[in-house]
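The values are calculated or read from the model by the stated rules, or taken from the named source; none is laboratory data. As the structure is a computational prediction, the values presented were derived from the model and not from experiment. Here Cβ is always computed from backbone atoms with ideal geometry, including for glycine, and neighbour counts include all displayed protein chains. Just the protein is used for accessible areas: all its heavy atoms, side chains included, with ligands, DNA and RNA removed. Shrake-Rupley method; radii C 1.70, N 1.55, O 1.52, S 1.80 Å.
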Amino acid sequence: MNWSTTINLDKSFFNEKEKILVVNEGISASTFLFDSDVHVLKTPKGDVYKMGKTSLKVGFAKVDITPPLGMCMAGYFSRREAQGILDPLYASALSVSGLDGCNKWVFISCDVIGIGAEYIDIVKKLISNRLSLSEENVMIHSTHTHTGPYVSKVNGKERAEKLGGPDEEYIAMLERKLADVAQMALNNMKEANVDIGYGSEESISFIRRYRMKDGSIKTNPGVGNPDIIEPVGEIDPLVGVVRFKYVDGSGELLLVNFALHPDIIGGNYISADYPGHMRCAVQRQIPNCEVIYINGAAGDINHVDAMHPGRTAGGYEYSKKVGNILAAEVLKVYQRMEPLEPVIGDNMSVCARNRIIEVPLRRVTKEQEEQARSFVQAFHEGKWDTKSMSDVADLAGAYRTLDLAKCVGKMQLEVQVISLGGIAFVGLPGEVFSDIGRRIKKSSPFVHTFISSLTNGSAGYFPTKKAFLEGGYESKNNPFTEELEDLLVNNVIE
């Protein structure tokens, strides 16, 4: 493979015997193309940048986190208890370090809807105490399947009885398993090379917020609804793939990043949804390959094409189809991947940073609180039910209002960035709107930036400023104000 960088050609020379390119830095600069035979880029100052050779170690491990039957399932405003298992849920871990092993981080992807920050904190402390790894060097992501267990606390006994809630015995097991998978990934570290590539898939994801003829914005207004004017927003069709290939030839690992709600199946059976099917489809085609999925900024994106009846569907078989289509694009990208270009002055450094930010919460009046209380009481007593997405939005808003009435005005959120060389993974603890994800990627100083939503927490939807003003389900189902977007973007970029 070839790669290029910008150097001063006038005062440079190549040592054929040692495969070293010596570069004198000057004012003028040009782009130079290096062949894979070049091993080292070296400056007279003694700075050395490895080329054509590995400069990091990676490790992988996964554990089964499928819950037992009878547990409450998360994702809807109705109580569901697991009656069967369609496919297992996994937690998969990637560990990355430099060759010296000094700087390292661990990324864990879990087939669950969104682990609450209160449980994330416990897991990070377990990992830190067991492995002597800083908590800011651990990133924990949830793929957001809607056919898995509750993994965040539910406020109120009545709400838990009506909608379901977490099983504390399962949560205790999950916390230990996540620490286990981090430990195993760190124990499995081997030298690896890094490749990267991108594709595009536009046929399986759709904006789910629509402008209606009455001027309102509705989420999932119904397929073929004659009152729909247009979708509000744009999907992110980018399929990003990072490959870690072990130098000893023992196998490889793919990280796949795409933005789409895993809410295709429904019902009372456990499943990882399309991310699980995508992983299996890729592994059938590539021997000795493991796959980790990272769900991107999919807060306003799902699998339903409401504008064109008959084009999309739901259920388990359709989730397989979506997974297979995404896998096909991943396999296309796999065939044309290129080595990750070293960043001059970086030498494939491995870094992790986090920041706790304080985000303003909406203010609730006494009148709003009382109205929400009577609304929720009617729901709990069975006098009212959610028959449409508008009803769901009203119920979600009522629950949020009652929660906000008990809050002090601000919430702490963790934003995190882990990186290797020119790649950055941005972790945000909510369901990020696609426009926010694009804004972060456009402003990022890194060559390659991937959004990891529902990471280190599950604080609700993260809409844009515009979406807050427009209203709709996502705008009601979060506790924040229109200040959220700028706070997230600015703190990530800083």
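Is the shape of the stretch 263-316 rounded, prolate or oblate, going by the alpha carbon gyration tensor and its root eigenvalues a ≥ b ≥ c, with a/c under 1.5 for rounded and a/b larger than b/c for prolate? Before the final figure, lay out the partial values.
Working: a/c = 1.95, a/b = 1.78, b/c = 1.10.
Since a/c reaches 1.5 and a/b is larger than b/c, the shape of the stretch 263-316 is classed as prolate.
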Looking at the square roots a ≥ b ≥ c of the eigenvalues of the Cα gyration tensor of the stretch 347-494, which shape do they give, rounded for a/c under 1.5, prolate if a/b is larger than b/c, or oblate? prolate
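On average, how much area does the Cα convex hull of the stretch 261-357 cover when viewed from any direction, in nm²? Mind showing how you got there, number by number?
Values: hull surface 42.7 nm².
Result: a mean projected hull area of 10.7 nm².
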May I ask for the percentage of alpha-carbon pairs in the stretch 302-421 that lie more than 24 Å from each other? 65
Local electrostatic count at Leu69 - Lys and Arg +1, Asp and Glu -1, tallied over other residues with Cβ under 13 Å: -1
Once the Cα atoms of helix 117-131 and of the chain are each reduced to a long axis, what angle between those two axes, in degrees from 0 to 90 to the nearest 10, is obtained? 30
Enumerate the residues in the stretch 355-374 having an amide nitrogen under 14 Å from the point lying 7 Å beyond the Cα of Phe77 toward its Cβ. 372-374
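Can you list the trypsin sites (Lys or Arg not before Pro) in the stretch 387-481 that are in a DSSP coil and have 10 or fewer other beta carbons within 10 angstrom?
Working: sites: Lys387, Arg400, Lys406, Lys410, Arg438, Arg439, Lys441, Lys442, Lys465, Lys466, Lys476; in loops: Lys387, Lys406.
Counting only loop positions with at most 10 other Cβ atoms within 10 Å, the trypsin sites (Lys or Arg not before Pro) in the stretch 387-481 are Lys387, Lys406.
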First compute the accessible area of the stretch 381-494 with a 1.4 Å probe, then give the percent of it belonging to carbon and sulfur atoms. 49
Using +1 at the C-beta of Lys and Arg and -1 at the C-beta of Asp and Glu, which of Leu174, Leu163, Tyr198 has the Cα lying farthest in the positive direction of the dipole of the stretch 102-209? Leu163
Measuring from its Cα centre, the stretch 342-494 shows a charge dipole (+1 at each Lys and Arg Cβ, -1 at each Asp and Glu Cβ) which, in debye to the nearest 20, is 200
Neighbour cut-off at most 14 other Cβ (10 Å), DSSP loop, GluC sites (Glu not before Pro), the stretch 191-220: Glu202
Considering the chain, what Rg and Dmax in Å follow from its alpha-carbon atoms? 23.7, 83
Could you pull the accessible area for Tyr316 with a 1.4 Å probe, rounded to 10 Å²? 50
Using the heavy atoms of the protein chains and a 1.4 angstrom probe, tell me the accessible area per residue for the chain in square angstrom. 43
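My understanding is that a pair violates if its Cα-Cα distance is over 22 Å; which of Lys177/Lys245; Lys104/Lys124; Lys62/Lys442; Lys125/Lys190 do that in this structure? Kindly include the intermediate steps, with their values, before the conclusion.
Values: Lys177/Lys245 26 Å; Lys104/Lys124 15 Å; Lys62/Lys442 32 Å; Lys125/Lys190 25 Å.
Those over the limit are Lys177/Lys245; Lys62/Lys442; Lys125/Lys190.
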Rounded to a whole number, what % of the accessible area of the stretch 86-177 do carbon and sulfur atoms account for, probe 1.4 Å? 47
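Rank these residues by their accessible area, most exposed first, probe 1.4 Å: Arg284, Arg208, Arg373. Display every interim value, and only then the final one.
Numbers: Arg284 160, Arg208 10, Arg373 105 Å².
Greatest to least solvent exposure: Arg284, Arg373, Arg208.
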Quickly work out the Asp214-to-Asn288 label distance, labels modelled 7 Å from Cα along the C-beta direction, and quote it in nm with one decimal. 6.1
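Run the numbers for Glu202 and Met173: contour at 0.36 nm per residue of separation, minus the present Cα-Cα distance, in nm.
Taking 0.36 nm per residue and subtracting the Cα distance, the gain is 6.6 nm.
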Taking the simple approach of a point 7 Å from Cα along Cα-to-Cβ for both Lys387 and Glu118, what is their distance in nm? 3.5
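Taking all pairs of different Cα atoms in the stretch 119-211, averaging 1/r and flipping that mean, what Kirkwood radius in angstroms comes out? Numbers along the way, then the final one.
On the way: mean 1/r = 0.0589 Å⁻¹.
This gives a value of 17.0 Å.
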Taking 0.36 nm per residue of separation between Leu99 and Glu367 and subtracting their Cα-Cα distance, the length gained on full extension comes to 90.4 nm
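Percent antiparallel among DSSP beta bridges with both residues in the chain, to the nearest 5?
Details: 77 of 101 bridges.
Here the share of antiparallel DSSP bridges comes out near 75 percent.
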